[in-house]
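The values are calculated or read from the model by the stated rules, or taken from the named source; none is laboratory data. Please read all numbers here as calculations on a predicted model, not as lab measurements. Cβ placement follows ideal geometry from the backbone for every residue including glycine, while neighbour counts extend to all protein chains displayed. In case anyone asks, the SASA skips ligands and DNA or RNA and just uses the protein heavy atoms, side chains included. Shrake-Rupley method; radii C 1.70, N 1.55, O 1.52, S 1.80 Å.
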Amino acid sequence: MFEITLASTTEHVAQVKSLQNENLRRLLPVEVQQTDGFVTAEYTVEFLTQMKHNSPAVIALDEDGVVAGYILGCTREDALQHPLMKTLVNQFDSLNFHNYVLVGQLCVAKRARGHSLAVRMYELFAKEYKRRGFSCSLTSVAQDNAVSLNVHKKAGWNTVHSYEYDGVLFVLIQLDFTS
């Protein structure tokens, strides 16, 4: 029903951007945020394209070939060019993490939820980035995003720390590729 693969086209990038816009915290009512979750960071198409070239996203394609979910991989170098991601890198550096790939964002379209897409996408993500020589992946989730925290826990992520950014408390989490 859903194909899990790496993003490879400009159309994939455009569809990721569209799905991101549908789930941005700043555009969703609080009730929807609490029941469906949300994404915090907003990326331009140019930045998404740059990330695709340096660390391809894992995407879920529906039967029509439309992006139904994504995990954005992000190198440390790319992350330093985005304000929220730069703060994340600084947090992980202060905790002495090395040899990691960041997750810039996880999102599953409302129409595709309930099919374990996040877990399935993270399986390919871990395999692909371990193959590329990384030992783990790191990201942060807003503490009040219970939906995302639960999804990440199901996918094997562990909490390592927390920090505040722009008045929001974030939980720093890790997915270990070595086990």
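With n ≥ 4 as the cut-off for DSSP H runs, can you work out [θ] at 222 nm for the chain, using -39500 (n - 2.57) per run divided by the number of residues, rounded to the nearest 500?
Working: 7 runs with 70 residues, N = 179.
The helix-only estimate for the chain comes to -11500 deg cm²/dmol at 222 nm.
Which distance in nm do the two modelled labels at Tyr165 and Glu11 give, with both placed 7 Å along the Cα-to-Cβ direction?
3.2 nm
Gap in Å between the Cα centre of the range 38-103 and the Cα centre of the range 122-179?
If we compute the Cα centre of each part, the gap is 12 Å.
Can you give the accessible area of Thr40, probe radius 1.4 Å, in Å² rounded to 10?
Solvent-accessible area, nearest 10 Å²: 60 Å².
Calculate, axis by axis, the spread of Cα positions in the chain along the three principal axes, and write the results as whole Å, longest axis first.
44, 39, 31
Label Gln34 and Lys154 with points 7 Å out from Cα along Cα→Cβ: what is the distance between them in nm?
2.1 nm
If ligands, DNA and RNA are left out, what is the accessible area of His161 with a 1.4 Å probe, given in Å² to the nearest 10?
80 Å²
State to the nearest 20 debye the size of the charge dipole of the range 111-179 about its Cα centre, where the only charges are +1 on K and R beta carbons and -1 on D and E beta carbons. Working shown, then result.
Numbers: 9 positive and 6 negative charges, 100 e Å.
Around 480 debye, computed over the range 111-179.
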